[in-house]
Amino acid sequence: MATGWAGDSAVQDQIDATIKDGIKRVRSQMPQGPGLAYCEECESEIPEARRKAVPGVRLCVACQQARDAEQAAYAGYNRRGSKDSQLR
């Protein structure tokens, strides 16, 4: 396939780089260090099962869901650059 100045694997390289950046961003946001017994937002008790399942947990489930919903609004996915959005 003719791609001009770009190499044959340029598209795949860009996809790979985007995925690696996304993984790096998510890993940097993971909790680190010892977990808390009480939520740092609402101070409700964090169940022991959650503390064992999520090392370094700092929020209860309700507060974590609220924070995840806030961050979803700023996900940074560029629909303009998506081929699917150009086909519509």
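Observations on the structure shown:
- Scanning segment 4-23 for residues that are aliphatic (A, V, I, L, M) and assigned to a loop (DSSP other than H, G, I, E, B) returns a single hit, Ala6.
- Looking only at residues of segment 36-88 that are at positive phi and at pLDDT 85 or above, we find that the one that is surrounded by the fewest Cβ atoms within 10 Å (Cβ to Cβ) is Glu43.
- Number of the exception - Val26 against (1) at pLDDT below 90; (2) in a loop (DSSP other than H, G, I, E, B): (2)
- Index of the failed condition, Gly33 passing every other in (1) surrounded by fewer than 11 Cβ atoms within 10 Å (Cβ to Cβ); (2) in a helix (DSSP H, G or I); (3) in contact with a Gly (Cβ under 7 Å, 6 or more places away or on another chain): (2)
The values are calculated or read from the model by the stated rules, or taken from the named source; none is laboratory data. Note that the coordinates shown come from a computational prediction; the quantities given were computed from them, not determined experimentally. Note that each Cβ is placed from the backbone with ideal geometry, even for glycine, and that neighbours are counted across all protein chains shown.
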